[in-house]
Structure formats: structure tokens, C-alpha cells
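Let me begin by presenting the structure, written as C-alpha cells, before commenting on it.
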Amino acid sequence: MPLRALDGGAGGPGEGGPGRPSEPAPRAVCPFAVCDGSGWIVDDENDLASPCKCRARRIERARARGISATLPRRYRGVSFERPPVSEMARQPGMRNQVADVREFCEQIDSRLDEGRGLWIQGTTGTGKTTLAMLASKAALDAGRTAAVYSLPGLLARIRRTFDAEVGEDSYFTFFNRLVSVDLLHLDDLGAESRTEWVLEQLYSIIDRRYSDERSVIVTTNLEEPKLFEQLGERIVSRLAEICGDPLVLTGSDKRLEYAPAPADAGEST
């Protein structure tokens, strides 16, 4: 059955001004090499058009505009092959946790399609955020949509929507974008003060993603009983079903271990 892509997808010819030649607009590329980037495939024999699977991802990316979809600068170069992760992988008490995160990254498309996540718990500086950023980086590198926030930062962003001016995201617009991305990464869960408003916002987000089977990655300093106490059973039980058992990191503060050595007192600066 002959199939071809539907014309007129990612933009037609550009329009030049008087006396200026027209230049073709760049066309999108299908990441699955199925359509020509238009997002549609046509069956010529039956005169039918069907959406390519890249179309759904394009729609998701459009919905995700206006959220924090990039890694913080400090974590853009994270890798399993360099410290601190390479060192963590050699430590008896952490190698299994690093291996679990690596497996998640290697299977990123299937994990996101299944709505699976990660729950990483440990004391300050044990590498929780770094491991979580590896998973978010894998999602972005695979062309998936992601939102990356510390929980205090996300709550501050939600508060700003209540004072939104014309043209800025309303609460409902931002909320719908937040719950629609392939992966939601929340850092420092439990770091915020426990208030009814905080619990209401967090429950609304987690419950919607739980219901829609969308992935969540969380990091926290709090052990599971303390997290139950801080956030309540409704939130934590949904996280447990999305993420499974927490990956518990132990050890010393990696930030101090890999911090630059201070200059000698006698050296000029």
C-alpha cells in the first residue's frame, strides 16, 4: 500500500518582500523517519490521512511551552562516566541505586510511556539531584517533554499565576501544561512548610499525573515515615505507586568532596 506524507506540515515557502527572493522555510524532521515532518501520513489508494506518532509529541511540546523545560546550568554536563556519579557507582552502598537510574535512562521511552518514575531519598549532598537530573536529561535528549523544578520554586511559580497580567499564563493554563508533560521532576520534596495550600497544590498535581499515568521523579531528604508526616498519605501513596520503592542514597556530602581546594595562604589570587 503506497503511503506518503501529507503536504503542508512544518511550513511552506517563505514569502519575500518586494524585490527579495523567497526562501523555503525549514521543515520539521520526523524523529521516527515515518513522515516528512508534517505529522501526517496519507494512504493514496484509499485517500485517507492518519496521524504519524510524531504528531502527538509535537502537540505535547506545544502544550509544554511556558514551563521550566531545561536543566539547571550546573547539571547540564552530568554523566554516568564522570564524578560524582562514576565514583558513586563504585561504592558498595550506592552502586545498585546508580544502576537502577542508568536502567531507567536506557529505557526512557518505555518508562515514560508506562508512566513510571523514580523516588530518590538521601541526606544532604549524597547525589540525589544529580541522579535525578540524569533521568531528566535522558528524557529531553530523547525528544520528550519535561518540567524540572525544585518544589519551593514550583510553588513560587504557581503563586505568580494568581497575579498574572493579560498575556501571561493563568493558573489553569500553567496547571494543564504541568500535568501534560511526559516527565515532571520535583526536587527537594518536603522542603516546603506544611500548609493546607501547599498540600492542596501538590495533591492536585500528583493526583492528576497519577490518574493520567504520567511519570514523576522526586528527590527528598526525608525518610518515608517523615514524608508521610509532612505530606500525608494521599500524596505519598500515589507517589509510591508511580515511582515504586525509594532509592536510598547513603554516604558523605559529595559537594564537599568535589569542591575546589582552597588556594594556599601564600598564593596570590
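Please treat every number below as a calculation from the coordinates, not as lab data. Since we're looking at a predicted model, the values are computed, not measured. Virtual Cβ from ideal backbone geometry, glycine too; neighbours counted across all protein chains shown.
Amide hydrogen proximity for V216: with H placed 1.01 Å from N in the peptide plane, the residues at 5 or more positions away or on another chain lying under 5 Å are G117, L118, L184. Once you reduce segment 85-129 and segment 177-193 to the center of their Cα atoms, the two points are 17 Å from each other.
How big is the convex hull of the Cα atoms of segment 137-248, per residue, in Å³?
Details: hull volume 12.1 nm³, N = 112.
In segment 137-248, the Cα hull volume divided by residue count equals 108 Å³.
Between S110 and E223, full extension at 0.36 nm per residue minus the direct alpha carbon distance yields a gain of 37.8 nm.
Compared with the direct C-alpha span, the chain from R234 to E87 gains 49.3 nm at full extension, assuming 0.36 nm per residue. Placing unit charges on the Cβ atoms only, positive for Lys and Arg and negative for Asp and Glu, gives segment 63-255 a dipole magnitude near 640 debye about its Cα centre. Normalised by the number of residues in segment 63-255, the average gap of Cα pairs under 8 Å and 6 or more apart makes the relative contact order 33 percent.
Could you give the length gained on full extension between L199 and Y75, defined as 0.36 nm per residue of separation minus the Cα-Cα distance, in nm?
Numbers: separation 124, 0.36 × 124 = 44.64 nm, distance 2.85 nm.
My answer for the length gained is 41.8 nm.
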